[in-house]
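Read the structure below first, then the notes.
The values are calculated or read from the model by the stated rules, or taken from the named source; none is laboratory data. Computed from a prediction, not measured in an experiment: that's the story for all the values here. All Cβ positions, even for glycine, are placed from backbone atoms using ideal geometry, and neighbour counts span all protein chains on display. Heads up: the accessible areas ignore ligands, DNA and RNA and are worked out on the full protein's heavy atoms, side chains in. Shrake-Rupley method; radii C 1.70, N 1.55, O 1.52, S 1.80 Å.
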Amino acid sequence: MHLVGGQKLAVNLTAVLGAILIAIFQAKAEVIDLSSNGLWKISAAFDDKAGRFSHCNADLTAPNGATVLFQVDRNYNFIIKLIDSSLRLHPGKQSRVFIHVDRSYEYEYNGFNKSSSVIVTEEIDNASLIKLIADGLNLHFEIDGRTISFPLIGSAAALTSLGGCVKYAPDTIARTASAPQTLPATPPGAQTQPAPSPNAARKRSAFGTGFFVRSEGTGVTNAHVVEGCATASIEGYGRARITARDKTNDLALVQLAEPKKTEAVQFARRSLKLGEFVYALGFPLPGIIDNGLNFTGGQVSSLSGLGGDTRHFQLSAPIQPGNSGGPVVNTSGQLVGVTRARLDDVATLEASGSLPQNVNYAIRSDIAASFLRANGIDPSESESAAKLEPTDIATAGRGYTFQIRCSVE
């Protein structure tokens, strides 16, 4: 079984990738960066002589320097390109590529060696594999006895952006000798952005949820939401600094760069009870839903997390990517947990033959309180209070729940 923190997304692969056919992409093309989607960069490639559209890329570079690119052309032909200096391939020949996601079945494809360190797969025509890539945690390739691995955080959103790139990219771009190229077509309703300079630093963005714990703009979110952040911003409040991280418990402390008056959540003093009703607040699926604060309810299904981990509890309130770091409150509106992850549907299906139903996990509020105290902050706590109407809890939640965006250089 596998957890996916804040990035789990069910994708309609037919809508995203369309019919999957054999792809032969231009070997020489101009690539124009379009956007960043978390750890992934989205770009469009054009033939550098005629300026005709070739394909779109979604690429990710792992900490070890290896790069994986998903490439899709106008007919939604889908292949994978790998670049890794540790490979010792024979250019012009073929190699077998074995692909698996987490603990899924192994998929075998032919790979074409473009150079000693670059290999391109044949068509990826298995919808199950592509869905595993969208929903999984880690992608693994075995080539000539070497294993290359990549994290799949944000892969579903990257595939969605890849489909949008293919749909809206122009058939051709103009060629001039002196002016830098820009992509003239943008999706309906989108703001036009200039194409980045070839030497500009690449920025990648990730989104999550957090909540204020002090009235001057101190907040908490998941550590994985701000992993590798150079800067962060809180929607509606401005820039924020990451002042502390606890990777073991997946918690991070953020502080508005310019202190502003904010609401602060109240921590519950009483112990969590099995079966009690709770609410999860957050900003799921940014760029897809974008309808403001999301408020869902469910029950405490277990007082421990996966493998009996007592730092966590299980809840049935639905959560989605983007909910990570958000508050979980009881029927009195008091904090009882911090949203962390949901069970990986596909991995569980592979392991057990059945899909899990709303199996989600949160960090217990006492763990968050200890984290705050360790950083010199005394959380505001309250005794058991009267039960509130859900609408009142949601209204109060708007005051202390925020969306956070992390930018990684």
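Selection of the range 97-134 for residues being of a type in the set (Asp, Glu) and within 16 Å of residue 77 (Cα to Cα) yields 122, 123, 125. Of the residues making up the range 381-409, just one is aliphatic (A, V, I, L, M), open to solvent by less than 20 Å² (accessible area, probe 1.4 Å) and outside any helix (DSSP H, G or I), namely 404. Total residues in the range 222-232 satisfying the condition of being buried (at least 19 other Cβ atoms within 10 Å of the Cβ) and more than 15 Å from the chain's Cα centre (by Cα): the figure is 1. Of all residues in the range 298-307, exactly one satisfies the criterion of being surrounded by fewer than 16 Cβ atoms within 10 Å (Cβ to Cβ) and in contact (Cβ under 8 Å) with a residue 40 or more places away in the chain, namely 306. With respect to (1) assigned to a loop (DSSP other than H, G, I, E, B); (2) more than 20 Å from residue 406 (Cα to Cα), the lone exception for residue 321 is condition (2). The single residue among 231, 243, 221 that is modelled with pLDDT of 90 or more, closer than 27 Å to residue 155 by Cα and among the hydroxyl-bearing types (Ser, Thr, Tyr) turns out to be 221. Of the residues contained in the range 3-21, none is found to be at pLDDT 50 or above and either among the polar types (S, T, N, Q) or not in a strand (DSSP E or B) (or both). Tallying residues that are in a strand (DSSP E or B), open to solvent by less than 10 Å² (accessible area, probe 1.4 Å) and within 16 Å of residue 40 (Cα to Cα) within the range 116-152 yields 2. If we keep just the residues of the range 81-98 that are assigned to a strand (DSSP E or B) and touching a residue at least 24 places away in the same chain (Cβ under 8 Å), which is farthest from the chain's Cα centre (by Cα)? Across the range 81-98, the extreme among qualifying residues is 95.
Every residue, every condition in (1) part of a loop (DSSP other than H, G, I, E, B); (2) at pLDDT below 90, yes or no:
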{"position": "44", "(1), (2)": "no, yes"}
{"position": "53", "(1), (2)": "no, yes"}
{"position": "64", "(1), (2)": "yes, yes"}
{"position": "68", "(1), (2)": "no, no"}
{"position": "79", "(1), (2)": "no, no"}
{"position": "100", "(1), (2)": "no, yes"}
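Taken together, the criteria place residue 109 among residues that are free of Cβ contacts under 8 Å to residues at least 24 places away in the same chain and either assigned to a loop (DSSP other than H, G, I, E, B) or open to solvent by less than 20 Å² (accessible area, probe 1.4 Å) (or both).
Filtered by the rule that a residue be exposed (fewer than 14 other Cβ atoms within 10 Å of the Cβ) and free of Cβ contacts under 8 Å to residues at least 60 places away in the same chain, the range 49-63 gives 49, 63. Candidates in the range 349-380 are the residues that are within 21 Å of the chain's Cα centre (by Cα), surrounded by 18 or more Cβ atoms within 10 Å (Cβ to Cβ) and not β-branched (Val, Ile, Thr); of these, the one that is modelled with the lowest pLDDT is 360.
Checking 128, 95, 85, 104 one by one, the residue that is among the hydroxyl-bearing types (Ser, Thr, Tyr) and modelled with pLDDT of 90 or more is 95 and no other.
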